[in-house]
Amino acid sequence: MTDYVNAIKLQPNDGLNYLWRGIVYYNQGEYAAALADLTRAIEIQPDDGNNYYWRGWISHAQVNYAAALADFSRAIALQPDDGNNYQQRGRVYRDQRAYDAALADFSRAIEIQPENGYNYFWRGWVYRDQRAYDAALSDLSRAIELQPKNGTNYHGRGVVYYDQGEYDAALTDFSRAIELQPDDDTKYSWRSRIYYDQGEYTAALSDLTRAIELQPENGTNYHWRGRVYYDQRAYDTALADFSRAIELQPDDGNNYAWRGRVYYDQRAYDAALADFTHAIALLPDDGRNYHWRGRVYYDQRTYDAALADFSRAIELLPENWNNYHWRGRVYYDQRAYDAALADFSRAIELLPENWNNYHWRGRIYYDQRAYDAALADFTRAIDLLPENGSNYSWRGKIYRDQRVYDAALADLTRAIELQPEKDTNYQLRGLVYLDQEAYDAALVDVTHAIELQPENGINYYWRGLVYYDQRTYDAALADLTHAIALQPENGINYYWRGRVYFEQGKYAAALADLSRDIALQPDDDENHLARGVVYYFQGNYVAALTDLTRAIALQPENGTNYFWRGRVYHDHGTYDAALADLSRAIALQPENGLNYHWRGRVYHDHGTYDAALADFTRAIALQPNDGDNYYWRGLVYVAVKATDQAPADFERATALIESTEDDCIRHRLAARMALLEQHFDRALQHYSQAEQSCEIYRLAIELEALEAAAAVLPDNPAIPQAIAWLTPRLAMPAPSTGEPELGA
């Protein structure tokens, strides 16, 4: 530098001195001084192409493409046979992505200097930019032939092999480049990407750490090392590397995008949102950033924002199946099933071998009760990924809903084999056993579900229902109470505990639970129905009618609601309303014998004996083992003086009474038969025994039998005595046995 300074002092009008000093300044990175010297050289020697050539280098280094192009073009005009001028102008065109112009310049440089390997290297690099990989490989291989000791040529060819997924060839080239240039961080960085893609994380980390040692200010190396740590779920070290990359390259959106993914996996959603939003600001046309921000919004259940982001991602990447998949998930959660189906179907079109798309489409079909379509999708998902237990679990649910229990058990058992620590698999298999009344097996499974997930209230809920069906009411109460403690806002837990209290005759507790359920689920007809029935058994007909009328308003197609309101109207003596409701119940549930039985009783009380006879006969056809039906038809025969037909019905009723295991029913019907046979002491004994053996017994014996006996024997003084004995017990609860279910 001193020599050139002195030379300029001695010969201030010699442009060559400024040229050489400018080159020294350039090599020292002092671009402003270099530019001043080259400009002075041009002023002195305006027809020397070298001056323009070197000033073009400086402008290119300063990313002043227009000035660089002007200088290189002037150099070409002055020195049209110098290949270096074309080579350097070609590099500027490449940086501007003017690939055709760049190719033309590099090709001209090759014509002039066919033995210059750099020309082939740079033309090969443009071909790589254009994804013309065969042409790129040809040029880069020629560059290697001409410059076999230049590591950059091997590096360039390695990148092309990498782009094509030819990892072995790429690895060979990158390793050779490192041998030739062991202090170039870029070559370690690229070799690490192959190791990364191959899952060889230790080797990848070694290369990236070496690259960072060589070039600690290169953010790209930190970025890639962060990705390796991310894949290893070493989130803290990944965060540190991505944060360092951001410090060094604050305008590179990819650094924010990947740090956002770390935050997402850590469920640090606010930090993730900030990073993805920053990435979008820097890379507004990269659909991946919208996708990931959409995932954050989805997890936060901010569905409108998630939809907007996934839709934008689809606009930018319309062939990416994952965007459709996740938008479909949003639609699914919003129960926009048609839109969800369209998205999952599109995802399947784009990637038909991905099991997850079939799985989620199957779930939509399941919710729509399109069971055949759902079965097809889950079966396809199983074919594609037979070791995923979730698909068997869902297919098992379908089979259970279809009551194909053997298939359901097989699938759920397979799900348990694959996912032995997942409580829902045991829970579901337990429900199949419950449906089959295999209570012991059901208890084993739901108990195991509780052991696996003791904080999941739904497991206690289901075990409580098993105990309920077994009439093990204390155990049912304990489990349902635990379920309430874990899920105090889940109304169904209160509903079923209320049902247990009802069965135990604890009406106040039952009403409290059912009222809580109604507060939580005011539009559920079943809780109004259940509370209405409790009020009915308390004799609170006004409250019962209010609840049952509300149940009908909520679910006008549920025959059980009309049945119970009809019962209330019957006991209330409102026979026309009772007939209307029980007739509606029959229209909705024509195969339910109890509907005919109770309408028959209304007709009987009304004295409409032909209609009563028809209803009891129909009830017998539907429920031939219910002694009540024979007993009441016998009463009708007595009322119409068909005394030759009544005895057969009474005998059949007696036989059924003796075979029943339920003391309530047996004593109740035996008392009625004793009254008809005028064995009043025996009748009173049966009534008394029924009172003692049934916690829930309301005089469902009701006095109809006594009143019927009084009609047959109006002068018998013992009958009023029996009526007087039973009347104070009218408030006693009636047994639930033999009554229709209140609801699911």
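Can you confirm whether segment 186-196 contains a residue that is more than 23 Å from ASN153 (Cβ to Cβ) and surrounded by 16 or more Cβ atoms within 10 Å (Cβ to Cβ)? Within segment 186-196, one or more residues are more than 23 Å from ASN153 (Cβ to Cβ) and surrounded by 16 or more Cβ atoms within 10 Å (Cβ to Cβ). State all residues of segment 385-418 that are of a type in the set (Val, Ile, Thr), surrounded by 16 or more Cβ atoms within 10 Å (Cβ to Cβ) and farther than 13 Å from LEU375 by Cβ; if no residue qualifies, say none. The one that is of a type in the set (Val, Ile, Thr), surrounded by 16 or more Cβ atoms within 10 Å (Cβ to Cβ) and farther than 13 Å from LEU375 by Cβ: ILE416.
Listed by first and then second residue, the pairs linking a residue in segment 557-569 that is at pLDDT 95 or above to a residue that is hydrophobic (A, V, I, L, M, F, W, C) and surrounded by fewer than 24 Cβ atoms within 10 Å (Cβ to Cβ), with Cβ atoms under 6 Å apart and 6 or more places separating them unless they lie on different chains, are GLY559/LEU588; ASN561/ILE552; VAL568/LEU545; TYR569/ALA577.
A quick yes/no check of all residues on (1) assigned to a loop (DSSP other than H, G, I, E, B); (2) touching an Asp or Glu at 6+ places or on another chain (Cβ under 7 Å); (3) under 30 Å from THR172 (Cα atoms):
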site	(1), (2), (3)
GLY199	yes, no, yes
THR220	no, no, yes
TYR230	no, no, yes
GLU247	no, no, no
PRO250	yes, no, no
VAL262	no, no, no
ALA279	no, no, no
TRP292	no, no, no
VAL296	no, no, no
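Meeting the requirement of 2 or more residues that are touching a helix residue (DSSP H, G or I) at 6+ places or on another chain (Cβ under 9 Å) and within 19 Å of ASP435 (Cα to Cα), the helices (runs of 4 or more DSSP H) wholly within segment 348-424 are 389-401, 405-418. The set of residues in segment 570-592 that are without any contact (Cβ under 8 Å) to a residue 24 or more places away in the chain, of a type outside the set (A, V, I, L, M, F, W, C) and either at positive phi or in contact with a Gly (Cβ under 7 Å, 6 or more places away or on another chain) (or both) comprises GLY573, ASP581. From the list ARG123, ARG108, ARG97, the lone residue that is of a type in the set (Lys, Arg), more than 46 Å from the chain's Cα centre (by Cα) and under 21 Å from ASP71 (Cβ atoms) is ARG108. For segment 141-158, give me each residue that is among the aliphatic types (A, V, I, L, M) and buried (at least 18 other Cβ atoms within 10 Å of the Cβ). Hits for segment 141-158 are ALA143, ILE144. Scanning segment 72-129 for residues that are of a type in the set (Asp, Glu) and outside any helix (DSSP H, G or I) turns up ASP81, ASP82, GLU115. Selection over segment 223-262 of residues that are among the basic types (Lys, Arg), crowded, with 16+ Cβ neighbours inside 10 Å and over 18 Å from ALA203 (Cβ atoms) gives a count of 3. The residues in segment 593-619 that are surrounded by fewer than 21 Cβ atoms within 10 Å (Cβ to Cβ) and in contact with a Gly (Cβ under 9 Å, 6 or more places away or on another chain) can be counted, and the count is 5. Pairing residues of segment 328-345 that are outside any helix (DSSP H, G or I) with residues that are among the β-branched types (Val, Ile, Thr) and surrounded by 22 or more Cβ atoms within 10 Å (Cβ to Cβ), at Cβ distances under 9 Å and at least 6 apart in sequence or on separate chains, gives ALA336/VAL330.
Can you pull out the residues in segment 482-537 that are of a type in the set (S, T, N, Q) and either crowded, with 22+ Cβ neighbours inside 10 Å or in contact with a strand residue (DSSP E or B) (Cβ under 8 Å, 6 or more places away or on another chain) (or both)? Answer for segment 482-537, where residues must be of a type in the set (S, T, N, Q) and either crowded, with 22+ Cβ neighbours inside 10 Å or in contact with a strand residue (DSSP E or B) (Cβ under 8 Å, 6 or more places away or on another chain) (or both): ASN493, ASN527.
Residues checked against (1) β-branched (Val, Ile, Thr); (2) in contact with a His (Cβ under 9 Å, 6 or more places away or on another chain); (3) free of Cβ contacts under 8 Å to residues at least 60 places away in the same chain:
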{"residue": "ASN27", "(1), (2), (3)": "no, no, yes"}
{"residue": "ILE58", "(1), (2), (3)": "yes, no, yes"}
{"residue": "TYR65", "(1), (2), (3)": "no, no, yes"}
{"residue": "PHE72", "(1), (2), (3)": "no, yes, yes"}
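Against the conditions (1) within 17 Å of TYR461 (Cβ to Cβ); (2) in contact (Cβ under 8 Å) with a residue 60 or more places away in the chain; (3) not hydroxyl-bearing (Ser, Thr, Tyr), PHE537 satisfies every one except (1). For ARG267, the conditions (1) surrounded by fewer than 17 Cβ atoms within 10 Å (Cβ to Cβ); (2) at negative phi; (3) in contact (Cβ under 8 Å) with a residue 24 or more places away in the chain; (4) not hydrophobic (A, V, I, L, M, F, W, C) all hold with the exception of (2).
The values are calculated or read from the model by the stated rules, or taken from the named source; none is laboratory data. Nothing here was measured: the structure is a model prediction, and the numbers come from that model. All Cβ positions, glycine included, derive from the backbone under ideal geometry; neighbour counts span all protein chains shown.
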